[in-house]
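A quick write-up on the structure given underneath.
The values are calculated or read from the model by the stated rules, or taken from the named source; none is laboratory data. Please read all numbers here as calculations on a predicted model, not as lab measurements. For neighbour counting, all protein chains shown are included, and Cβ atoms are generated from backbone atoms with ideal geometry for every residue, glycine included. Each accessible area value is taken on the protein alone, full model and side chains, heavy atoms only, with ligands, DNA and RNA left out. Shrake-Rupley method; radii C 1.70, N 1.55, O 1.52, S 1.80 Å.
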Amino acid sequence: MSSKLPARYPRFKRKHGKQSSYHCTGIKLGQGEIKLPKLTPIKARIHRDITGTLKSITLTRTTTGKYYASVLVDDGEEAPASLQTVGTVLGVDMGLTHLAIDSEGNKTANPRFLKQARANLRRKQKALSRCQKGSKGRAKARLKLAKAHERLANTRADFQHKLSRQLIDDNQAVVVETLKVKNMLKNRKLAKHIADASWYGLIQKLAYKADAQGKHLVKIDQWFASTKTCAGCGHKVDKMPLSIRTWDCPGCGTKGIDRDINAAINIRQQGIIKLRAEGLSVPANGGMRQSGHASVAA
Ligand SMILES: [Zn+2]
């Protein structure tokens, strides 16, 4: 008898993960309930008044066993036309010491809840791995861990919503650097901090909030030396180690400019170039609310 490759254990589908189902026919919204095909109506807490034509319902079960329905409706309103003249442009440098530093000199620290949550998650993860597989205790520990993750995700999303709301409301274009984020994720030592800072989530929220108002999110995705270039005179240096926090320019002699604010101003300038290349009109100084380099030193 010829022997075959050793049989493998079957691969189980995850039972506990996030699951979702999408429905676009036979759906209806009632008073405090939703109707899906072939099911008795499901009781639901409906948070907002829903007006328009119902397009689809997506049901989601989270890892902690909560159910959500997201409802897509067509309200018949067109999205606002995108602004052709961009008066105020903000450059945002996303960093490790701060989540966001903008070209106006504002710094948003990485929220502290992430650091606190990390210790909590590690403790719960350890508790879980001590439990015997298949045991009741393990199921409980797993749920505890999933709940902690869910809380963290909610808090983080809330924080990102508030920040992106403010940035988009106050400006007509926001410029971010996306390639740097990718590069930093490759560096494993930095990866954990970055996962925490979760720039991707912030960029996504900026993008759709900008769209909804006809504003612009400019993504700088080609490499440019935002931290190695002087925002005042364009002088470029070969190296700018992370440990050096201020920009002292050998080109124009400017001293003591915060390195991240310098980078944010460069990002903003790149964004203005890109907006103009797309045929949009940006006033001479891009609606700069400050006279430039010197006032940034604060
Ligand atoms: Zn310079």
Quiz item: Of all residues in region 244-259, which are of a type in the set (S, T, Y) and within 12 Å of the ligand (Cβ to nearest atom)?
Solution: T254
Quiz item: For F159, all conditions in the list (1) surrounded by fewer than 15 Cβ atoms within 10 Å (Cβ to Cβ); (2) under 30 Å from Q213 (Cβ atoms); (3) in contact (Cβ under 8 Å) with a residue 40 or more places away in the chain hold save one; what is the number of the exception?
Solution: (1)
Practice problem: Could you check, for region 212-227, whether at least one of its residues is within 16 Å of the ligand (Cβ to nearest atom), of a type in the set (S, T, Y), surrounded by 17 or more Cβ atoms within 10 Å (Cβ to Cβ) and at pLDDT below 90? | Solution: yes
Quiz item: Name the strands (runs of 3 or more DSSP E) wholly within region 1-110 that hold at least 1 residues that are at pLDDT 85 or above, open to solvent by 80 Å² or more (accessible area, probe 1.4 Å) and touching an Asp or Glu at 6+ places or on another chain (Cβ under 9 Å)?
Solution: 53-61, 107-109
Quiz item: If L202 satisfies every condition in (1) more than 16 Å from the ligand (Cβ to nearest atom); (2) open to solvent by 30 Å² or more (accessible area, probe 1.4 Å) but one, which is the exception?
Solution: (2)
Quiz prompt | Of all residues making up region 133-175, the number that are of a type in the set (S, T, Y) and either touching a Lys or Arg at 6+ places or on another chain (Cβ under 7 Å) or at pLDDT 95 or above (or both) | solution = 1
Quiz item: For region 125-143, how many residues are buried (at least 17 other Cβ atoms within 10 Å of the Cβ) and without any contact (Cβ under 8 Å) to a residue 60 or more places away in the chain?
Solution: 2
Quiz prompt | Pairs, first over 21 Å from A100 (Cβ atoms) in region 262-282, second aliphatic (A, V, I, L, M) and in a loop (DSSP other than H, G, I, E, B), C-beta under 6 Å, six or more apart | solution = R276/V282; L280/V86; V282/V86
